[in-house]
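Please read the structure below before turning to the comments.
The values are calculated or read from the model by the stated rules, or taken from the named source; none is laboratory data. Remember, it's a predicted structure, so these values are computed and weren't measured experimentally. Cβ placement follows ideal geometry from the backbone for every residue including glycine, while neighbour counts extend to all protein chains displayed. Protein only, heavy atoms only, side chains kept; ligands, DNA and RNA dropped before computing areas. Shrake-Rupley method; radii C 1.70, N 1.55, O 1.52, S 1.80 Å.
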Amino acid sequence: MASSSSSGLTFKLHPLVILNISDHYTRIKAQSQPPPTSSAVNDAVSSPPPPRVFGCVIGVQRGRTVEIFNSFELLYDSSTHTLDRAFLENKQELYKKVFPHFYVLGWYSTGGDAQESDMHIHKALMDINESPIYVLLNPSINHAQKDLPITIYESELHVIDGIPQLIFVQSSYIIETVEAERISVDHVAHLKPSDGGSAATQLAAHLTGIHSAIKMLNSRIRVLHHYLLAMQKGDLPCQNSLLRQVSSLLRRLPAIESEKFQDDFLMEYNDTLLITYLAMFTNCSSTMNEMVDKFNTAYDRHSRRGGRSAFI
């Protein structure tokens, strides 16, 4: 297997694809492994590994840029190492109705590395896409690894021992998100925990995250400021490329000082205050209604006992 691809294609992977593959693997793993019992120590050691999952990735290709937007699952026969083509064609037609501009770009699977049997699936999909891509998710947990456990492979024809062979070569990629995906991922990241955490706990965690982000931003700005001062004094060599990047960052500051930004900010601020006041009024009205109901109940009970004059 070659170390890197030479096709020159730029791959953009959306988070929805990673979530779909992870969800597919988690469901298959939960269904294939029985729940642990009291004598599950030896059973856990001897339990077979979860089966691999397979599916197709869809998206668009514009010039030299390949953007992977979504994916769907496939049925795989482990005995013959083949995919259910009827199921694949049916799913492809259904997705074509919903996403008419998306095409099958390749397929995905799970595992630590590409296997020899994967090339059979890869070649079988060449009638749909003459140059499919292979997205591989490694489900093993590695706490020391900082990068995503996702690898994208392309296929290239190499001559090995005088025989032309198709092999997998690794390609680099970047994570691309749209507004809807950013909102969804942020919502998933801030879901209420199952241990009964309160809204106050969530708010504290949210404010702690914002504080950490601001603290990190402040430290980065200080490092950049000290570096520029040292460069100005001649302690460090002048780097024009770095100065251009700093200048580009500083040009973004007027974007939040314009009159339109101030108007939009004040409108959003006033709307937030209005909603807060309405919530306070609603809460106070609810409390007053509860108090009036309790007073009327006590008054009615006292009236039935002949003590009406005590309330007058």
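Restricting region 161-171 to residues that are surrounded by 11 or more Cβ atoms within 10 Å (Cβ to Cβ) and not aromatic (Phe, Trp, Tyr) leaves a set whose member that is farthest from Ala114 (Cα to Cα) is Gln165. From the list His81, His158, the lone residue that is modelled with pLDDT under 85, open to solvent by less than 70 Å² (accessible area, probe 1.4 Å), more than 21 Å from the chain's Cα centre (by Cα) and not hydrophobic (A, V, I, L, M, F, W, C) is His158.
Val135 meets all of the listed conditions (1) closer than 22 Å to Val169 by Cβ; (2) open to solvent by 70 Å² or more (accessible area, probe 1.4 Å); (3) not in a helix (DSSP H, G or I) but one, namely (2). Quickly run through region 57-104 and pick out the residues that are without any contact (Cβ under 8 Å) to a residue 40 or more places away in the chain, assigned to a loop (DSSP other than H, G, I, E, B) and touching a Leu at 6+ places or on another chain (Cβ under 6 Å). Leu74, Asp84 - these are the residues of region 57-104 that are without any contact (Cβ under 8 Å) to a residue 40 or more places away in the chain, assigned to a loop (DSSP other than H, G, I, E, B) and touching a Leu at 6+ places or on another chain (Cβ under 6 Å).
Closer than 30 Å to Glu156 by Cβ, open to solvent by 70 Å² or more (accessible area, probe 1.4 Å), at pLDDT 70 or above and not in a loop (DSSP other than H, G, I, E, B), is that true of Gln31?
Values: closer than 30 Å to Glu156 by Cβ: no; open to solvent by 70 Å² or more (accessible area, probe 1.4 Å): yes; at pLDDT 70 or above: yes; not in a loop (DSSP other than H, G, I, E, B): yes.
The answer is no for Gln31.
The set of residues in region 142-166 being among the β-branched types (Val, Ile, Thr) and under 22 Å from Leu16 (Cβ atoms) consists of Ile150, Thr151, Ile152. Within region 41-60, being at pLDDT 90 or above and more than 15 Å from His24 (Cα to Cα) holds for Ile58, Gly59, Val60.
Find the residue count for region 211-249, including only residues that are of a type in the set (D, E, K, R) and either in a loop (DSSP other than H, G, I, E, B) or in contact with a strand residue (DSSP E or B) (Cβ under 9 Å, 6 or more places away or on another chain) (or both).
Residues of region 211-249 that are of a type in the set (D, E, K, R), as a first pass: 215, 220, 222, 233, 235, 244.
Then drop every residue that is not either in a loop (DSSP other than H, G, I, E, B) or in contact with a strand residue (DSSP E or B) (Cβ under 9 Å, 6 or more places away or on another chain) (or both), which leaves 235.
Summing the residues that are of a type in the set (D, E, K, R) and either in a loop (DSSP other than H, G, I, E, B) or in contact with a strand residue (DSSP E or B) (Cβ under 9 Å, 6 or more places away or on another chain) (or both) in region 211-249 gives 1.
Each residue in region 84-130 was checked for being within 27 Å of the chain's Cα centre (by Cα), exposed (fewer than 11 other Cβ atoms within 10 Å of the Cβ) and among the small types (Gly, Ala, Ser), and 0 of them qualify.
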